[in-house]
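Here is the structure we will look at, set down as C-alpha cells.
The values are calculated or read from the model by the stated rules, or taken from the named source; none is laboratory data. Only a predicted model underlies this, so the values are computations on that prediction, with no experimental measurement involved. Here Cβ is always computed from backbone atoms with ideal geometry, including for glycine, and neighbour counts include all displayed protein chains. When the accessible area is computed, the model is the full protein with side chains, heavy atoms only, and any ligands, DNA or RNA have been set aside. Shrake-Rupley method; radii C 1.70, N 1.55, O 1.52, S 1.80 Å.
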Amino acid sequence: MTAAMRGRRVLILHAGIVALLFLCQFLLPDYHHTNFVSIMVLAVYAMGYNMLVGYTGLLSLGHAMFFAAGLYGAGMGVYYLEWHPVLAFLAGSAGGLILAVAVGLIALRTTGVAFMIVTMMFAQAVFLATLYFNDITHGDEGLTLTQAARGFQLLGLTIDLTDPDLRYNLALMLFAGALLVTLVTVLSPIGRILVAIRENEERTKMLGYDVRRYKLFSLGLSGLLSGAAGAAYVLFFGYVGSSFAAISYSIYPLLWVLLGGVGTVAGPIIGTLLMFYLVEIARDHTSSYMIVVGAVLVLLVLFFPKGIAGTLRAHKAGWLP
C-alpha cells in the first residue's frame, strides 16, 4: 500500500468517526445526548493518556492529577474569580500542561515501575490537597457552578453551556480538535521518535535523539489534553469535587485505552464508549454491576488482546495509526 493510499484511508476513517458522532445527536434519543457529551470529553482525557502510554511507552498511574488540574483550574476560576468560561477553559488546559511539565522534570529521572510509582505519589498528593484545603475546595462535597456562571455573550449572542445541543457540539469540537492534534503528532517525525523510544529507548539514544526532551514533550501534550478534558467537564456539567482526583480516575483512562487499543488513535473513543455503556447497562440490571463489567472485560481481553482497534490493526488493517 502506498503512503498516499494509507493517508487517504486514515483521513477517511477519522473524519468518519467525527461525522458519525455529529449524526448521533439527530439519531439517538435525548437521554443519550448527555452520555455522549461525557464520552467525548472523557475520550479526550483517554487520548492524552494514550499519547503517553501508547506511543511513548510510559505507564502512568497518576493522570488524575492532570484531569483535576483542568477541572479545578477552570471550576475555581469561575466559582471564586468569576472568570469568563473561555478564559477558565484556557486556564484549566494550561494548568494541566504546567503540572505535567513540572512533574515530568522530576518523574522522568526514573523509568519503568519507578516512573509509575512516582506519578502515583504525585497524584495522591494532589488528591490529598483537595481534601486538606476543604474550606476552598469543599472536598468531596465539591463546588457547583450556577447556570449564569456558565453562560457568556459572544457577538451579541448568548452562549449557554447548559443548553444540551450547544454542549453536545462544543464537546464534539473539543473531541475533533484533540483527535486532529493526536493524529498530526503521531504521523509526524516526532510521533515516529516517540514510538522509537517506546520500542527501544537505548537505540534511540544511540541515534542521537534527546530522549528525555521527547518524553517531556509527550508528557506535556498528555497533560494539556487531560487538562482540557477536565476544564471542559466542569464547564459542561457544573461540578468539581475531590473524587475526580482520586486514584480511580487514573485507572479509568488505562482501562479505556487497553479496551480500545493501546497506541491507536481511534482506540480511546472506542474504549471509552464501550466501557461507559457497559457500566450503564450492567448497573441497570444488578447492584453488583462491577462483577459483570469485570467478567466482560476479561472476555474482551481474551478475544482482543491488543484492544479492539489494536487487534484489528494486527490482523486486518495494518495501516491504522
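Please specify each residue of the stretch 231-251 satisfying the condition of being among the aromatic types (Phe, Trp, Tyr) and farther than 23 Å from THR119 by Cα. Spell out the reasoning first.
Just the residues of the stretch 231-251 that are among the aromatic types (Phe, Trp, Tyr), to begin with: 233, 236-237, 239, 244, 249.
Scanning the stretch 231-251 gives PHE236, PHE237, TYR239.
Yes/no matrix, rows are residues, columns are (1) touching a residue at least 60 places away in the same chain (Cβ under 8 Å); (2) closer than 25 Å to PHE175 by Cβ; (3) surrounded by fewer than 13 Cβ atoms within 10 Å (Cβ to Cβ):
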site: GLY263; (1), (2), (3): yes, yes, no
site: TYR277; (1), (2), (3): yes, yes, no
site: ILE291; (1), (2), (3): no, no, yes
site: LEU302; (1), (2), (3): no, no, yes
site: LYS306; (1), (2), (3): no, yes, no
Exercise for review: Identify, by number, the condition in (1) under 30 Å from MET290 (Cα atoms); (2) among the hydroxyl-bearing types (Ser, Thr, Tyr); (3) modelled with pLDDT under 95 that THR204 doesn't meet.
Suggested key: (1)
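For GLY62, indicate whether it is outside any helix (DSSP H, G or I) and touching a Phe, Trp or Tyr at 6+ places or on another chain (Cβ under 7 Å). Lay out the reasoning, then the answer.
Working: outside any helix (DSSP H, G or I): yes; touching a Phe, Trp or Tyr at 6+ places or on another chain (Cβ under 7 Å): yes.
Spelling it out, GLY62 is indeed outside any helix (DSSP H, G or I) and touching a Phe, Trp or Tyr at 6+ places or on another chain (Cβ under 7 Å).
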Practice item. Would you check which residues across the stretch 143-165 are aliphatic (A, V, I, L, M) and open to solvent by less than 50 Å² (accessible area, probe 1.4 Å) and list them? Key: LEU143, LEU145, ALA149, ILE159, LEU161
Point to revise | Residues of the stretch 56-70 that turn out to be under 23 Å from ALA232 (Cβ atoms) and open to solvent by less than 10 Å² (accessible area, probe 1.4 Å), as a count | key: 9
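When you scan the stretch 268-281, do you find a residue that is in contact with a Lys or Arg (Cβ under 7 Å, 6 or more places away or on another chain) and farther than 26 Å from MET51 by Cα, even just one? Please lay out each step first, then the result.
As a first pass, look at the stretch 268-281 and keep what is in contact with a Lys or Arg (Cβ under 7 Å, 6 or more places away or on another chain): none.
Within the stretch 268-281 (the criterion being in contact with a Lys or Arg (Cβ under 7 Å, 6 or more places away or on another chain) and farther than 26 Å from MET51 by Cα), the answer is no, since none of the residues qualifies.
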Exercise for review: Just give me the residues in the stretch 127-142 being open to solvent by 40 Å² or more (accessible area, probe 1.4 Å) and of a type in the set (Val, Ile, Thr), in sequence order.
Suggested key: ILE136
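Residue by residue, here is whether (1) open to solvent by 80 Å² or more (accessible area, probe 1.4 Å); (2) farther than 25 Å from ILE12 by Cα holds:
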residue: VAL181; (1), (2): no, no
residue: SER188; (1), (2): no, no
residue: GLY191; (1), (2): no, no
residue: ASN200; (1), (2): no, yes
residue: TYR209; (1), (2): yes, yes
residue: SER218; (1), (2): no, yes
residue: LEU224; (1), (2): no, yes
residue: ALA232; (1), (2): no, yes
Exercise for review: Could you tell me which numbered condition ARG109 fails, if it satisfies all but one of (1) open to solvent by 30 Å² or more (accessible area, probe 1.4 Å); (2) more than 14 Å from PHE244 (Cα to Cα); (3) in a helix (DSSP H, G or I)?
Suggested key: (3)
**Study point:** Residue ID - nearest to the chain's Cα centre (by Cα), chosen from residues in the stretch 270-293 that are of a type outside the set (A, V, I, L, M, F, W, C) and at pLDDT below 85
**Key:** TYR289
